[in-house]
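The values are calculated or read from the model by the stated rules, or taken from the named source; none is laboratory data. Since we're looking at a predicted model, the values are computed, not measured. Please note: Cβ atoms are built from the backbone with ideal geometry, for glycine as well, and neighbour counts cover all protein chains shown. Accessible surface areas use protein heavy atoms only, side chains included; no ligands, DNA or RNA. Shrake-Rupley method; radii C 1.70, N 1.55, O 1.52, S 1.80 Å.
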Amino acid sequence: MRRIGFVGLGSMGLPMAKNLAQAGYEVLAWNRTPKEAEGLTQVGSPKEAAGTGLVITMLADDAATEAVLPEILEGLPPGGLHIAMSTLGVPYSRALWERHRQAGRRYLAAPVFGRPEAAARGELRIVVAGAPADVEEARPLLKALGVEVYEVGEAPHLAHAVKLGGNFLIASMLEALAEAYVLVEKNGVRREAFYEVVRGFFRSPVYEAYGRILLERRFSPPGFKLRLGLKDVRLIHQAADTTQTPLPLGHLLLDRFLEGVARGMGEEDWTAILKLVEAEGGLHG
C-alpha cells in the first residue's frame, strides 16, 4: 500500500482524500482545522504529510497554498512530488514550478472541474500538466479521482491556465443562464419549460447541472462559494492582464461577483448571482 499525503480537507478535498483511501492508498491527511474521516490518518503538519514523498494540496487559493509551501518543500524528500490540484493563479503556478526545481523537488499541476458531489462520486474532470514521467506516476491517483484526465503540456502552469479558461466559461454561462431565465419569465414562459429546452438543445452536463441548481435556487449549502468565484474571476483577470488579453465579458463578471460579495452573498453558492439579475429585472425570487 503506497503512502501519500493530502493537505486540505475542505468541501472538495475531503471526498477526494476519502476516494484515494478507498482506492487502496494510505492517506496521511492534514487540515488547518482537523477533520476526522474514516480511512484517513490525521497528521500534525503539512511537513509530515509531505514526508510520504508524494503530497496533494487542495486548498482555497494562492495564499492558502503559500502558507503551507515551506513545510511542503521541507517535508518532501529530494525528488519528491507535489501535486497541486487547487485553482491557482498562472503567475503563481509558474513560480511554484521554479521554486520546486530549485529545491530539488518535483511539481505537477492537476486542477479539477467539478463540484463536491462529483468529487464524492469520483467523477471529476482533471487537467494535468508537467513532466511526462510525473504525469505517469500520478495517473493512478488521478484515475481514482476523476472520469477524464486531460494532458495539456509539460509546463505545469498551463493546466492552471486551462482551469481558469474553463471557469471563465462557467461563470459566463451562469450570467447568461440567469439573464435568460429572467428574460423568458418576464415574457410569460415558465422557467421549468425553458430549462427543458436548454437541457435538450445544449446537451451539456454543465448546462444541465447548473441550470437545475438555478431553477431550484439551491444557493445553500454552497457547492462553490460566491466569494471563491470572485477569487477565480480575479485570477482570470490577472492572467489576462499579464498577457495583455482584453476580456470585455470578464469585466462584467468581475462587477457581478463583486456586487454579490458586497451584498453579503459571499458564503452562498456562486449561482446566487441569479438574485442580482432578478432584482435588476424587477423580479423577486
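For the pair the range 37-70 and the range 162-205, the centres of their Cα atoms are 37 angstrom apart. Per residue, the accessible area of the range 187-285 comes to 55 Å², computed with a 1.4 Å probe over protein heavy atoms only. Against the chain, whose longest principal axis is taken from its Cα atoms, helix 132-145 shows a tilt of about 60°.
Relative to the longest principal axis of the Cα atoms of the chain, the long axis of helix 13-22 lies at roughly 50 degrees.
For the chain, adding -39500 (n - 2.57) for each run of n ≥ 4 DSSP H residues and dividing by the number of residues yields -17500 deg cm²/dmol at 222 nm.
Think of the chain as a dipole: +1 on every Lys or Arg Cβ, -1 on every Asp or Glu Cβ, centred on the Cα centre; then among G282, L258, L214, L214 lies furthest on the positive end.
Taking a ≥ b ≥ c as the square roots of the eigenvalues of the Cα gyration tensor, the range 114-167 is oblate, since a/c reaches 1.5 or more and a/b is not larger than b/c. Note on the chain: GNM, Cα springs under 10 Å; of R125, R256, R199, the largest mean-square fluctuation is that of R199.
Classify the range 81-176 as rounded, prolate or oblate, taking a ≥ b ≥ c as the square roots of the eigenvalues of its Cα gyration tensor: rounded when a/c is under 1.5, otherwise prolate if a/b is larger than b/c and oblate if not. Judged from the Cα gyration tensor, the range 81-176 comes out oblate (a/c at least 1.5, b/c at or above a/b). Rounded to the nearest 20, the size of the Cβ-charge dipole of the chain about its Cα centre is 240 debye, with Lys and Arg at +1 and Asp and Glu at -1.
Helix 157-186 versus the longest principal axis of the chain: what is the Cα-based angle in degrees, 0 to 90, to the nearest 10? The angle comes out near 20 degrees.
Relative contact order for the chain: 13 percent, from Cα pairs under 8 Å spaced at least 6 residues apart, divided by residue count. Looking at the square roots a ≥ b ≥ c of the eigenvalues of the Cα gyration tensor of the chain, which shape do they give, rounded for a/c under 1.5, prolate if a/b is larger than b/c, or oblate? Cα axes put the chain in the prolate bin. Restricting attention to the chain, lysine pairs at least eight places apart or on different chains and with alpha-carbon atoms under 30 angstrom apart total 25.
Just flag the GluC sites (Glu not before Pro) in the range 184-285 sitting in loop per DSSP whose Cβ has no more than 15 other Cβ atoms within 10 Å. Loop-located and lightly packed - E267. Sorted largest first by accessible area at a 1.4 angstrom probe radius, with every protein chain in place, the residues Y210, Y150 fall in the order Y150, Y210.
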